[in-house]
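Report on the structure given below.
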Amino acid sequence: MDVNFMQEQLPLYVEAAKLTLHMAVWGILFSILIGLICSMIRYLKIPILRQLVVCYIELSRNTPLLIQLFFLYFGLPKLGIVFSSESCAIIGLTFLGGSYMAEAFRSGLDNVSGIQIEAGLSLGMRKSQVFRKIILPQAVSNSIPVFCANVIFLIKETSVFSAVALADLMFVTKDLIGIYYKTDEALFMLVMAYLIILLPISVLCTLVERRIRYAEYGTGSAV
Amino acid sequence: MQNTGLEVLFKGTNFLRLCEGLWVTLRIAVIAMMLSIVLGFFLGMLMNLQNKGVRAVCRVYLEIVRIMPQLVLLFLVYFGAAKHLNMNLSGEKAAIIVFTFWGTAEMGDLVRSALIAIPKHQYESGYALGLNKWQVYRSVILPQTIRRLLPSAVNLLTRMIKTTSLVVLIGVVEVVKVGKQIIDASRYTNPTAALWVYGVVFLMYFAICFPFSRISAALEKRLVN
């Protein structure tokens, strides 16, 4: 492997990784927002909006991000709706991630057993108190594992952004292979870049999950 | 007749060509899925062995597949194999290799957790009835494992179908590529073709994945009850 070449091209990869992370952070933040809104709509059973949310979730979960991006980037401009590559990527990731987050939060809420709610009410708590003090904490800890998996999933999905002409890691790699025919070096740096981004997040998720599940079951019990 | 742009889909054999394109990705998904199921069963059993070395290797394999985006794996095989093995691997073959590699890991993990979920007394009762190890696996454990596995395996299939859409990025001529050809061919006669073609491709994927995810949900429900 040509170390000099790798050193020379390193700034390109750093730039690309920054771009990927930038898109991922915004996409994930908006996904969480959309997910919260959608799961609340479903939890509170608001009519009409609820059906719309179900439609959205099914549409977004059953189509690939790549196709969603193609539609956003190449299809919609024909209707006069033009997005830049960046906003296209963020909108696409949010469209995909919103439904995954919504499902994570919903299953977290659903998994709080009815007994807990009844027990809260029989202690004389108001409905809002039950929600705040009993349902929410458990729902949050219930949904953490899926939430973490979703974050990693969404970061991985950013790898298709080169399809909408964003100079991300895949784009740079393909470019270097095409121009210099330095396949090994380019691929090696690609793998390293994703490892550096994803490995710490993956480890962090495992730790957070462990800690939060611990709280759920209380100290001392080994479940 | 007013030109809405929609008719580009039905001009000549355009719609048929799109379907053919879709079939290319579906074929990859189906082949990779079948291989993954077979290999995944073996991997799942390996992961449950007491041997620490085997478990560690399986763990590393699983983590690599989990962490690397599928597109990176595709690039590695597609560009890497061309250079090192001196093989001119077609995009389709590279895709089948990668998706089998990925699917086997995912399937293996599903099999592993399904096997763990089976209570120990099922094995013990089997042995108590005088069945040998192989018989216990075949007639007691496997049928129960498969029942537990079905929902998540169907779910994996939809993920596989969705993820195989990536193959266009390593040059396989599939539905998106055919769509592009149609758009380019009708650039002047029908400038809004892109909207309709990509819209239809979007709906095609939905039409295929949606039933599977419903089936998966229904199976899941039946299992819980």
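Data table
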read-out	value
Some residue of the range A:150-160 being out of contact with any Cys (no Cβ under 7 Å at 6 or more places or on another chain), farther than 20 Å from A:I37 by Cα and outside any helix (DSSP H, G or I)	no
Count of the range B:103-143 residues which are hydrophobic (A, V, I, L, M, F, W, C), without any contact (Cβ under 8 Å) to a residue 60 or more places away in the chain and surrounded by 12 or more Cβ atoms within 10 Å (Cβ to Cβ)	6
Selection from the range A:43-66 of residues that are out of contact with any Asp or Glu (no Cβ under 9 Å at 6 or more places or on another chain), in a helix (DSSP H, G or I) and more than 14 Å from every other protein chain (Cβ to nearest Cβ)	A:L49, A:R50, A:Q51, A:L52, A:V53
Subset of the range A:112-124 (residues that are surrounded by 10 or more Cβ atoms within 10 Å (Cβ to Cβ) and within 19 Å of A:L44 (Cα to Cα))	A:V112, A:S113, A:Q116, A:I117, A:E118, A:G120, A:L121
Meets criteria (surrounded by 15 or more Cβ atoms within 10 Å (Cβ to Cβ), within 14 Å of another protein chain (Cβ to nearest Cβ) and farther than 19 Å from B:L203 by Cα) for B:S152	yes
Sole exception among (1) in contact (Cβ under 8 Å) with a residue 40 or more places away in the chain; (2) assigned to a helix (DSSP H, G or I) for A:S143, by number	(1)
Set A:N150, A:N142: member being more than 12 Å from chain B (Cβ to nearest Cβ), under 30 Å from B:V77 (Cβ atoms) and among the polar types (S, T, N, Q)	A:N150
Residue identified as within 19 Å of B:A29 (Cβ to Cβ), among the hydrophobic types (A, V, I, L, M, F, W, C) and free of Cβ contacts under 8 Å to residues at least 24 places away in the same chain among B:L157, B:L203	B:L203
Only listed residue being in contact (Cβ under 8 Å) with a residue 24 or more places away in the chain, more than 8 Å from every other protein chain (Cβ to nearest Cβ) and crowded, with 21+ Cβ neighbours inside 10 Å, chosen from B:V167, B:V176	B:V167
From B:L39, B:L18, B:L9, B:L43, residue being touching a helix residue (DSSP H, G or I) at 6+ places or on another chain (Cβ under 8 Å), at pLDDT below 85 and in a helix (DSSP H, G or I)	B:L9
Scope the range B:177-225; condition among the aromatic types (F, W, Y) and touching a Ser or Thr at 6+ places or on another chain (Cβ under 8 Å); matching residues	B:F202, B:Y205, B:F206, B:F212
Helices (runs of 4 or more DSSP H) completely within the range B:63-132 that count 2 or more residues being within 30 Å of B:E220 (Cβ to Cβ) and more than 14 Å from every other protein chain (Cβ to nearest Cβ)	B:91-116, B:120-128
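One line per residue, one yes/no per condition, for (1) free of Cβ contacts under 8 Å to residues at least 12 places away in the same chain; (2) surrounded by fewer than 21 Cβ atoms within 10 Å (Cβ to Cβ); (3) of a type in the set (D, E):
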{"position": "B:E20", "(1), (2), (3)": "no, yes, yes"}
{"position": "B:N48", "(1), (2), (3)": "no, yes, no"}
{"position": "B:E63", "(1), (2), (3)": "yes, yes, yes"}
{"position": "B:I67", "(1), (2), (3)": "yes, yes, no"}
{"position": "B:A81", "(1), (2), (3)": "no, yes, no"}
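Results for (1) hydroxyl-bearing (S, T, Y); (2) at the interface with chain A (Cβ under 9 Å from one of its Cβ atoms); (3) surrounded by 17 or more Cβ atoms within 10 Å (Cβ to Cβ); (4) over 23 Å from B:T100 (Cα atoms), shown as yes or no for each residue.
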position: B:I182; (1), (2), (3), (4): no, no, yes, yes
position: B:A185; (1), (2), (3), (4): no, no, no, yes
position: B:Y198; (1), (2), (3), (4): yes, yes, yes, yes
position: B:C209; (1), (2), (3), (4): no, yes, yes, no
position: B:V224; (1), (2), (3), (4): no, no, no, yes
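The values are calculated or read from the model by the stated rules, or taken from the named source; none is laboratory data. Here the structure is a predicted model, which is why all the values come from computation and not from measurement. In this analysis, Cβ positions are derived from the backbone assuming ideal geometry, glycine residues included, and neighbour counts consider all displayed protein chains.
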